[in-house]
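Report on the structure given below.
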Ligand code: SF4
Ligand code: SF4
């Protein structure tokens, strides 16, 4: 289980990249395609923010790709990895990751250069959105092997999508705070994050038994259940609950503009970035840690005799 | 001509001596921890009330398992670099010069047949002693069994000789991979699941 750390990092970084992109890239594109929702033309700060968000997506994807090499025992042979697109979901996953990355890179370049033909950048970004979704789908299919019953369940795609959306919403909120300052404007991202974290708590509570965290294991594994799984499950729930508390605090502070509360929530505001509040950073770190615990748990679910 | 080589395993005859496992390790020079063939000890049960008396009701038998050179080799179907391939006679091979060591096939194979080999940094598995078989010989495990619990040959022939069974507890649903395997079940096998049997030596396999 612990030896899968490169995969834990790869899947979480990859999913977060898709999440950030869906939270920012597609809305960015749509706001130009449908000018009604666009508002005033972008100023320099908004433009900078767009580039920063897209750069974050690219950086996450690059980190994910780099980390995935640590999982291979013959990284130099990896150039052949797209050979089996016909039957291997692993080939397909890498194909969609590379496609997504290339499209986001192109979209970033086009957004940055602000071409006269704005439609092109938007078309590229929307296509990238589809590639990102396919990246998530292929990642789920990769694990939903018929021969691994504990992975071949709705929880696999559900948890991957939830990781993407939750971390995506929170990272986007954080980056907006750091680059253009916090405030009530992006409150919807905080509300969305709280909602998503709450949903994650419910999903992990409901689906944990089906994974053999408590009951008997699914599938052919007869290895005794390890105590670690239960601890990881409880750890993840605790971290999620703590994260939810801090996002809630931040969302409330911004909603009511309570000075005291704002002070409490954002004691370190200014020290860290223009507008990043301590509670939002804390919430992000806690939720990220819960995703890491959850992912290790996920890999721990695969046990056959001898593993 | 053989179109699908297969193993036969007689669970009723196996004593769990692991001679097959050792013969395989010896022939293929496998380092510690790498088992191309391994023996599971399945055990379970307890006391059962019969009338007024409590009587012991235990299940205990062994399974000797290697790669089953499946007709639907999900290992190879999952491999991103096509490093696992099937010969015309059905034997499934790992190309260790091509394998990138991603270990995805290990997840896909429900028989734990693929084993990571730290010397080559690739996965490895039973190759049916193809060189011996090509020369008219016998796989090392089959030759080593003092109980004659293992046999090999063309799948169709083995089925004619020993029947159609290819799954006993706790092996996975055979429709997942269509293993080239014929089993003669131990008499305890039918009760194993209901008696909550487990692999007793899981550290060893
Ligand atoms: S037993 Fe496993 S390794 Fe062997 S052919 Fe079948 S799926 Fe592949
Ligand atoms: S470990 Fe090797 S043989 Fe197995 S799926 Fe990966 S590349 Fe293919």
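Since every read-out is calculated from the coordinates, none of them should be taken as a lab result. Predicted model only: the values in this text are computed from it and were never measured. For neighbour counting, all protein chains shown are included, and Cβ atoms are generated from backbone atoms with ideal geometry for every residue, glycine included.
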* In nm, to one decimal, how far is the modelled label at residue A:69 from the one at residue B:135, with both set 7 Å along Cα→Cβ? -> 4.3 nm
* Using only Cα atoms, figure out Rg for region A:85-172 and give it as a multiple of 2.2 N^0.38 Å. => 1.30
* Structure fact -> Expected max-MSF residue from B:29, B:62, B:117 in the GNM of chain B (alpha carbon, under 10 Å) is B:29
* To do: Take every residue in peptide B:93-102, count the Cβ atoms of other chains within 10 Å of its Cβ, and give the average of those counts.
  => 4
* Asked: Given springs between every Cα pair under 10 Å in a Gaussian network model of chain B, which of B:156, B:53, B:43 has the largest fluctuation?
  -> B:53
* Quick one: compute the contact order of chain B, relative version, from alpha carbon pairs under 8 angstrom and 6+ residues apart, as a percent. => 34 percent
* Structure fact -> Pseudo-spin-label distance residue A:238 to residue B:193, built 7 Å along Cα→Cβ, given in nm, is 3.8 nm
* Based on the inverse mean of 1/r over its pairs of different Cα atoms, what is the Kirkwood hydrodynamic radius of region B:1-107, in Å? -> 16.9 Å
* Structure fact -> For the protein assembly as shown, using Cα atoms only, the Rg and Dmax in Å read 27.5, 92
* Contour excess over end-to-end distance, with Cα ends at residue B:3 and residue B:26 and 0.36 nm allotted per residue -> 5.5 nm
* Over the Cα atoms of chain B, compute the convex hull volume and normalise it per residue, giving Å³. => 125 Å³
* Asked: Using the Cα atoms of region B:96-150 to build a convex hull, what is its mean projected area in square nanometres?
  -> 5.2 nm²
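Using Cβ counts within 10 Å as a stand-in for footprinting exposure, how do A:190, A:207 rank, fewest first?
A:207, A:190
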* For peptide A:83-90, how many partner chain Cβ atoms fall within 10 Å of a residue's Cβ, on average? -> 6
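For residue B:162 and residue B:95, what is the calculated FRET efficiency with R₀ set at 41 Å and r taken between the beta-carbons, to the nearest 0.05?
0.80
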* Per-residue mean of C-beta atoms belonging to partner chains within 10 Å, peptide B:195-201 -> 3
